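One structure is given below, encoded as structure tokens.
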Amino acid sequence: SIMISLAESISKMPLFKDCNYSTIDKVCNSTFHRLRKKDKDTYIAHMNDECNFLLILVEGSIYSSMTNSDGKEVVLETITGPLVLAPAFVFAKINRFPVNVVTRTECTFMYVDKEVFAEMLNDDRQLMMNYIGVISDRCYRLSLHVNQTTLLTLKQRVMEYLEVNKRIDSVQWLS
């Protein structure tokens with residue numbers, strides 16, 4: 001049955017790891033979720049779209065991207081389901097998608113009502129701890145990425161400066 005395979009699929013996600021089966025059953029049988037199949041190369045969310053639901057990539061593969069000032073789309077990462085997308089933005093004060101979400105393959109998504117999900121977090125401590133862990137791990141990976149990007153940019157600036165000036169007399173000139 002669809003619900004059994006759905007439960008099997010999402011129970012493998014870090015979000016639902018070691019949760020009560022009743023929690024997984026509730027999210028699968030909830031009247032407060034929608035399952036949607038989407039074709040390849042479909043925009044699921046655009047940067048700055050409102051994110052007022054928990055979005056789960058049940059199966060398939062997506063990529064996240066941003067559009068730069070020249071209008072060029074820059075791919076940030078690819079993700080294969082099952083995985084929760086943009087978990088940190090569901091309950092944020094500014095709850096907008098930080099990136100575009102585009103399907104790479106045919107995908108199945110589950111949209112879970114955020115109030116229902118909040119109740120589930122309250123009812124299942126393991127789910128709550130998993131959700132906090134998922135957000136924390138994501139923040140850590142993003143901070144590493146920002147750090148590497150910043151350092152790479154700094155390294156590039158130092159190299160360019162040295163090409164022109166042959167030596168560094170003042171660090172302030174580099175910034």
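The values are calculated or read from the model by the stated rules, or taken from the named source; none is laboratory data. All values derive from a computational prediction rather than experimental measurement. Neighbour counts run over all protein chains shown; Cβ positions are idealised from the backbone, glycine included. These accessible areas exclude ligands, DNA and RNA; they are computed on the full protein's heavy atoms, side chains included. Shrake-Rupley method; radii C 1.70, N 1.55, O 1.52, S 1.80 Å.
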Original post:
What do you reckon, is G81 on the phi > 0 side of the Ramachandran plot, modelled with pLDDT under 95 and not hydrophobic (A, V, I, L, M, F, W, C)?
Top reply: no
Original post:
Of (1) open to solvent by 80 Å² or more (accessible area, probe 1.4 Å); (2) more than 19 Å from D113 (Cβ to Cβ); (3) touching a strand residue (DSSP E or B) at 6+ places or on another chain (Cβ under 9 Å), N68 satisfies all except one. Which?
Top reply: (1)
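Could you say which residue among L121, L151 is without any contact (Cβ under 8 Å) to a residue 12 or more places away in the chain, over 26 Å from T31 (Cβ atoms) and either hydroxyl-bearing (S, T, Y) or out of contact with any strand residue (DSSP E or B) (no Cβ under 7 Å at 6 or more places or on another chain) (or both)? Reasoning before the result, please.
Details: L121 fails: over 26 Å from T31 (Cβ atoms).
None of the others qualify; the one that does is L151.
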Original post:
Where residues in the stretch 117-175 are of a type in the set (S, T, N, Q) and in a loop (DSSP other than H, G, I, E, B), which of them is modelled with the lowest pLDDT?
Top reply: S175
**OP:** Sort through E8, E50 and tell me the only one that's open to solvent by 70 Å² or more (accessible area, probe 1.4 Å), charged (D, E, K, R) and farther than 21 Å from I135 by Cα.
**Re:** E8
Subject >> Criterion: over 19 Å from S136 (Cα atoms), open to solvent by less than 80 Å² (accessible area, probe 1.4 Å) and touching a His at 6+ places or on another chain (Cβ under 8 Å) - qualifying residue of V27, V74, V58 >> reply: V27
**OP:** Search the stretch 135-160 for residues being closer than 17 Å to V99 by Cβ and either β-branched (V, I, T) or touching a Phe, Trp or Tyr at 6+ places or on another chain (Cβ under 8 Å) (or both), and hand back the single one that is surrounded by the most Cβ atoms within 10 Å (Cβ to Cβ).
**Re:** I135
